[in-house]
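Only the coordinates and a few stated rules stand behind these numbers; no lab work does. What you see is a predicted model; the values in this text were computed from it and never measured. No Cβ is skipped: glycine too gets one built from the backbone with ideal geometry, and neighbour counts run over all protein chains shown.
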There are 2 protein chains.
Amino acid sequence: MAFSISPSPRVRRSPFFEATVADGVVSFTPYNHMLMPTSYGDPQAEYDRLINHVSMWDVSVERQVEIKGPDAGKLVQILTPRKLEKLQPGKGWYVALCDHRGVLLNDPILLMLDSNRYWLSIADSDVLFWARAVAGERKLDVEIFEPDVSPLAIQGPKADDVVGALLGEEALQLKHFGFRGMNLQGIPLMVARSGWSKQGGFELYLMDGSQGSHLWELVKEAGQPFGIGPGNPNPSERVESGLLSWGGDTDDQTNPFEVRMERYIDLDAPDDVIGIDALRRIQQQGVKRHQLGVLFDYDEKFGLYDRTSTVNYKGDEVGAITAHAWSPRLQQNIGLALVSRTVGAGDSVDIILPDGIKTSGKLCDLPFI
Amino acid sequence: MAFSISPSPRVRRSPFFEATVADGVVSFTPYNHMLMPTSYGDPQAEYDRLINHVSMWDVSVERQVEIKGPDAGKLVQILTPRKLEKLQPGKGWYVALCDHRGVLLNDPILLMLDSNRYWLSIADSDVLFWARAVAGERKLDVEIFEPDVSPLAIQGPKADDVVGALLGEEALQLKHFGFRGMNLQGIPLMVARSGWSKQGGFELYLMDGSQGSHLWELVKEAGQPFGIGPGNPNPSERVESGLLSWGGDTDDQTNPFEVRMERYIDLDAPDDVIGIDALRRIQQQGVKRHQLGVLFDYDEKFGLYDRTSTVNYKGDEVGAITAHAWSPRLQQNIGLALVSRTVGAGDSVDIILPDGIKTSGKLCDLPFI
C-alpha cells in the first residue's frame, strides 16, 4: 500500500526539494524533521548507478549541529567516548554519542572546523537537545545551533571523475573524511570525501539553502558524461556494506560494542565523558549482544519492511533482524541481525518475518561485501 | 503532488496502523519517529464529524516519556517553569519545557500517576533525550523511558455519549484533564478527558500495544449510533481554536510568552528550574513577538502548506504565518501569525504566500472561535 505525506511546516523542506521533484522523486522517508528521497521509481537503476557508475543524493536530512565558542572542544569531548586530542581541523571522525547508561544516542561524523567550532553531522535523533542540555547543565561557554548546511552526496566509482570536473584537483586531494571550504560559482560549500555507502565519493555541504537547485543542476551537468543520475542512501548496498542505521538497527538499550563501534570507543577517555563509566562497566561485565549478517533461506526478493523479524536459535528467541534486503550482487536475501552473543557466525537460525512467514538463515560476519 | 512513504523500522508502526488502513487512511505525517494518519480521503466529512458529531483518532504518536523513581517529582519540576506543588495524582497539566535560554522545547501534558511516577505526553521532539541528559547530569535517582502507551482520541460533541456507552459513568465523571486507570474487556487503559481539539472528548491511553485493533473496533462499535468515523487532529479546527503545533508554529527562538503560554509560566518557580532565569529576564526586558490570528483577503480555499508565509507591515517584515487553513465555520481563509509586538490585532498586513503569491489580511486575537 502506498500512502501519501501531508505537507506541514513541522516537516521542513530540503533546499534540493524542487530539484528532486523535477528529477522524478516518488517516495520519501522522514528523518530529522525533514523528508529524504528514497526512490526515483527505478530501484534497479539506482542500485546500478551507485555500484557501477555514479549517483547524486539529497541527504540534507543529515543535519549539522554546530558547537561554537571557547568551550566547544571541551563539550565535544564530553559528548563522545572517543579521545579527540588528535582530531585536526579539516578532518571528520565517526563517533558515538552515548547517554549516561552507555546507550548509543546517535552515530554522527564530527567535523572539526577549527579549535572553537565543530559540526556533528547527525543520524535521525535530536542531538541538538542533548548537546544543549549538557552544555547548559555544565555551564559551558558555547553556542549550539543548526546552521544553514545541507549535504548533497555524490557516490559511486565515478564520483572522483564528477568531482574532478566540478571542483578540480583541490577536491580530489582530500583524504577519507577530510574536508575543505570551497566556492563553486558563488555557492559556498564544505567539500568532504565521505558518504553513507562503501562505493566511495564526496559530500558537498551546501552552506546557502537558497542555492539548492543551482548546486543540483551543476552536479548533474558535470556528471552527465559519467552517467550520473539521482539516488539515495541505498537499502541494499548499505546492508551489503554493513552500515549502521541508528534508530533502525539500534534500540533503546543498544551500546556501541553491540553494533561494531568498539574501535571508536576509548575506555581511557577522560572521566567527565558522558557514559564512560557505564561503557567501562559494560566492557568488564561482558557485552550481551552483537551485530551480525544473516543469509536467508528465502527466495522471494525482499521489499522494504517497517518492522523487525524475530530470530530463534534451537527454540529460544535470541534477537531480531533489524534490516532486510535483496542483494543484487549476492543474488540472495540478506539482513542485519542484533542477536545474543550465545549465537555466532555460522549458526543456523529460525526467523519469523514481520508478516508472520517462518523461514531460516545462517548468521555470518559483516560486511557481506 | 503526492509522494509515498518508504517503510523503515526507523519509523515505528502504530498499534492502530492496521485498523486505520482497514478504515481507509490515505495520508500520514511523521511525528515522534512514527506516522500519524492525516486523512481518510474526505476532509469535509472529517471536519463535520469533529464539529457536529464524534470522531476517533490514532494519536499514538503522542508518545509518553515516563519518569519514575524517588527523584521523579524533583525532575519534572526542574524541567518545567510551572509550579507543580498543587498537581495531584490523576490530573494532567499543560506545561512548557524550556531550555536554558527559555526557548520552548515541547508543550506536553504532564500526567501525575503518583508521587514517584509521571508521564510527559509529548509533541514532536525528543524529550526523552532532554530529560535523560538533565537527570544524568544532576545525578537524579529516576528511570526515564518510553512505555508501551498509545493514545486513541475520541473528540466531538457526542464524545461523552460514546465514552458513556463504552466505559460507563465512571469515565464521564472525569473533569477536564483528569484521568484514571480502567479496564475494557481485558484492555488496560488510562482514560483521560483531554484531546487536541476544542470540541471536547477523551483520550484512551492504550497500555498494551498488541491490542490496538481490538480497542479500535470496540470504540467504532460503541460510536456507531452516534455517527462516529475516523479522523485526525484537524488542521482547520485547530487553527480556528488557536491550538499550538510545536515545531510548526514555533522556531528555535520561540519562548512561551510569544505563543500565549504565559499562564503556564510561574516566574516564582524554584531557582533550579531550567530556563527560569532566562524567562525572568525575557519578561523584564520585554517580549518581542506574539502569536495572533490572521483573516486573509484571499478567496481561493487554502490547502496544506509545508512552509510559512512572510508578513509585512508598511513595507517592513514583521514575522511569519506559521499555519494556513480554510475555516468552514467562518467561510474564510485564516492563519496563525508569529509576529513582532510592533503590530497587533486590527492591523492590516501584506502577506507573501509560500508559493510567492502576494495577498493581504487583518491580524486578530485568538482563538477565532
Where a ≥ b ≥ c are root eigenvalues of the Cα gyration tensor, a/c under 1.5 meaning rounded, otherwise prolate if a/b exceeds b/c and oblate otherwise, chain A counts as oblate
One point scatterer per Cα, no solvent, Debye formula: log10 I(q)/I(0) for the protein assembly as shown at q = 0.08, 0.09 Å⁻¹ comes out as -0.67, -0.86
Please list the non-local residues whose amide H lies under 5 Å from the amide H of B:Tyr94, H modeled 1.01 Å from N, same-chain partners needing a gap of 5 or more.
B:Leu110
For the pairs B:Lys158/B:Lys301; A:Lys83/B:Lys74; A:Lys358/B:Lys220, flag any whose C-alpha to C-alpha distance is greater than 31 Å.
A:Lys83/B:Lys74; A:Lys358/B:Lys220
Any idea what the dipole of the protein assembly as shown comes to, in debye rounded to 20, about its Cα centre with Lys/Arg Cβ at +1 and Asp/Glu Cβ at -1?
1020 debye
Counting only other chains, what is the mean number of Cβ atoms within 10 angstrom of the Cβ of each residue in peptide B:99-105?
3
For A:Lys198, which aspartates and glutamates qualify as cross-link partners when the Cα separation must be under 13 Å and same-chain residues fewer than eight apart are set aside?
A:Glu237, A:Glu240
If amide hydrogens are placed 1.01 Å from N in the peptide plane, which non-local residues have theirs closer than 5 Å to the one on A:Lys198?
none
What nm distances, shortest first, do you get from the label point of B:Asp272 to those in the other copies when the point sits 7 angstrom along Cα to Cβ?
2.1
Bin width 5 Å, alpha-carbon pairs only: give the P(r) of segment B:289-369 as whole percents, running from 0 to the bin holding the largest distance.
3, 17, 33, 27, 15, 4, 0
When the helices in chain A are scored as -39500 (n - 2.57) per DSSP H run of 4 or longer and the sum is shared across all residues, what 222 nm value do you end up with, to the nearest 500 deg cm²/dmol?
-6000 deg cm²/dmol
Please compute, for peptide B:321-330, the average count of beta-carbon atoms on other protein chains lying within 10 Å of each residue's beta-carbon.
1
For segment A:261-278 and segment B:89-131, what is the centre-to-centre distance using only Cα atoms, to the nearest Å?
30 Å
Taking a label point 7 Å from Cα toward Cβ, how far is B:Asp42 from its twins in the other copies, in nm, shortest first?
4.1
Hey, got the average number of other protein chain Cβ atoms within 10 angstrom for residues in B:116-129?
3
Please list 3J(HN,Hα) in residue order for segment B:214-222, calculated via the Karplus relation 6.51 cos²θ - 1.76 cosθ + 1.60 where θ = phi - 60°; whole Hz, with x for glycine and proline.
4, 4, 4, 5, 5, 5, 4, 4, 5
Straight-line reach from A:Lys175: which aspartates and glutamates have Cα under 15 Å away, leaving out those fewer than 8 places along the same chain?
A:Asp160, A:Glu203
